[in-house]
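First the structure, in the form of structure tokens, and then the observations on it.
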Amino acid sequence: MKIAFVGKGGSGKTTLSSLFIRHLVANEAPVLAVDADINQHLGTALGLDETEAAALPAMGAHLPLIKEYLRGSNPRIPSAETMIKTTPPGEGSRLLRVCEDNPVYEACARPVHLDDGDIRLMATGPFTESDLGVACYHSKVGAVELCLNHLVDGPDEYVVVDMTAGSDSFASGMFTRFDMTFLVAEPTRKGVSVYRQYKEYARDFGVTLRVVGNKVQGMEDVGFLREEIGDDLLVTVGHSDWVRSMEKGRPARFELLEAENRMALQSLQNAAEDSYRHRDWERYTRQMVHFHLKNAESWGNAKTGADLAAQVDPGFVLGEGLGAVQPA
């Protein structure tokens, strides 16, 4: 399952995504974690020190390799240079799976050792000095979008993406790539306004959205969120001494996380598992093609000098029943 964590900056979405990842690993689920935020903090939230986090390879720096691998023998894509972030897979494309080894993971993913097992972590990468003043961050997360377009995942494995803050997630079609989107909201007018904005943007795309109330200090905060958010509010999370220690770089073993917070994380996993029943690969593929055609017309055709609409394979539907990945 593909899971996104979104929310305004400072809401605690990175902390909650890291807790959810730890919880999944404790429940023996395979996890591929992706830091797609403009501020790269997921690695440190998962226990890496600053040096280790800074050493994570940037997916954007490996975009030529990613494109060359994913295009495979797809006859509609004559060269990697004609691929853009929205290029959909077709007959002959190579697909990614959570539990496999491939050149993309070898170049872009690194293992992270948690108390209860290991995960793979990928990161878009921060701005470099050469990017400052000239680069758009959304071009960097294009590598994430391209990988998600080519990723086939099953019901018992997880891809958890810590998204960029606020409504920036809607600068691409990546917000439609998930089975479940958890929006982390504080019990404030601003926190609620980000929820309303996200829900409105996502309304026409069938996005499954549930809200996690964070930094809740009492029943008054819970009541405020329930009144403003209604049935979309899944669960609330309050103060955690375990998280405070983690943020200082001295976490206890994850099994010592407060019981109420472990229960909240289980509620997230239950909701994610329930969403899987509604997975619609045809709609997923149709939305992928929709955003590709929009990007092709807007800028892609001019940039590549090619008619990128020709990359669409009209008979192809991404799905778990597809054959094994082609060899490199």
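Once the Cβ-Cβ distance between ALA54 and ASP232 is put in as r, and R0 is 56 Å, what FRET efficiency do you end up with, to the nearest 0.05?
E(calc), rounded to 0.05, equals 0.95.
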Dipole of the chain, positive end: most advanced residue of ASN301, MET122, THR51 [Cβ charges, Cα centre]: ASN301
Selected from LEU183, GLY173, CYS99, residue furthest toward positive end of dipole (the chain; charges at beta carbon): GLY173
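Nearest 5 percent is fine: what portion of the DSSP beta bridges confined to the chain is antiparallel?
20 percent
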Accessible surface ranking that places the most exposed of PHE291, PHE205 first, with a 1.4 angstrom probe: PHE205, PHE291
Residues of the stretch 265-286 with amide N under 19 Å of the 7 Å Cα→Cβ point at VAL317: 276-286
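Can you compute the FRET efficiency between MET263 and LYS294 using 1/(1 + (r/R0)^6), with r the Cβ-Cβ distance and R0 = 41 Å? Round to the nearest 0.05.
Calculated transfer efficiency: 0.50.
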Derived scalar couplings ³J(HN,Hα) [the stretch 307-315; Karplus, 6.51 cos²θ - 1.76 cosθ + 1.60; whole Hz; x for Gly, Pro]: 8, 6, 4, 5, 6, 6, 8, x, x
Among GLY117, GLY12, GLY315, residue whose mean-square fluctuation peaks in a GNM of the chain (springs only between Cα atoms under 10 Å): GLY315
Alpha-carbon centroid distance for the pair the stretch 159-231 / the stretch 244-267, whole angstrom: 22 Å
Relative contact order, percent, the stretch 146-239 [alpha-carbon distance under 8 Å, six or more residues apart]: 25 percent
Under 5 Å, built H, 5+ apart or other chain: amide partners of LEU233: VAL211
Computed accessible area, LYS199, all protein chains, 1.4 angstrom probe, square angstrom: 70 Å²
Relative contact order for the stretch 154-300, counting Cα pairs under 8 Å that sit 6 or more residues apart, in percent: 22 percent
Computed accessible area, CYS99, all protein chains, 1.4 angstrom probe, square angstrom: 90 Å²
Of MET219, MET163, MET174, the one that fluctuates the most in a GNM where the chain has Cα springs shorter than 10 Å: MET219
Where only C-alpha atoms are counted, convex hull volume of the chain per residue in Å³: 131 Å³
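Using a Förster distance of 22 angstrom, determine the FRET efficiency expected from the C-beta separation of PHE205 and GLU91, and round it to 0.05.
Working from the Cβ atoms, E equals 0.25.
Give the ranking of THR82, THR208 by solvent-accessible surface, highest area first, calculated with a 1.4 Å probe.
Largest to smallest exposure gives the sequence THR208, THR82.
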Value of relative contact order over the stretch 1-49, rounded to a whole percent, pairs C-alpha under 8 Å and six or more apart: 32 percent
Only Lys, Arg (+1) and Asp, Glu (-1) charged, at Cβ; the stretch 162-288 dipole about Cα centre in debye: 280 debye
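Using a 1.4 angstrom probe on the protein heavy atoms only, could you order ASP241, ASP280, ASP101 from most to least accessible area? Can you show the working numbers first?
On the way: ASP241 100, ASP280 70, ASP101 135 Å².
So, going from the largest accessible area down, we get ASP101, ASP241, ASP280.
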Two-decimal log10 I(q)/I(0) for the stretch 208-281, as the Debye equation yields it once each C-alpha is a single scatterer, q = 0.23 Å⁻¹: -1.06
Dipole magnitude of the stretch 200-260, debye to nearest 20 (Cβ charges: Lys/Arg +1, Asp/Glu -1, about Cα centre): 420 debye
Around ILE77: net Lys/Arg minus Asp/Glu count, Cβ-Cβ under 14 Å: 0
Debye, to nearest 20: dipole size of the chain, +1 on Lys, Arg Cβ, -1 on Asp, Glu Cβ: 660 debye
Across LYS85/LYS190; LYS67/LYS199; LYS13/LYS248; LYS85/LYS199; LYS8/LYS303, pairs whose alpha-carbon gap is larger than 26 Å: LYS85/LYS190; LYS67/LYS199; LYS8/LYS303
For LEU151, residues with placed amide H under 5 Å, excluding near neighbours: LEU96
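The values are calculated or read from the model by the stated rules, or taken from the named source; none is laboratory data. Computed from a predicted structure; not experimentally measured. Counting neighbours? That spans all protein chains shown, and the Cβs are built from the backbone with ideal geometry, glycine included. Ligands, DNA and RNA are stripped out before the accessible areas are found, and what is left, the full protein with its side chains, is counted by its heavy atoms. Shrake-Rupley method; radii C 1.70, N 1.55, O 1.52, S 1.80 Å.
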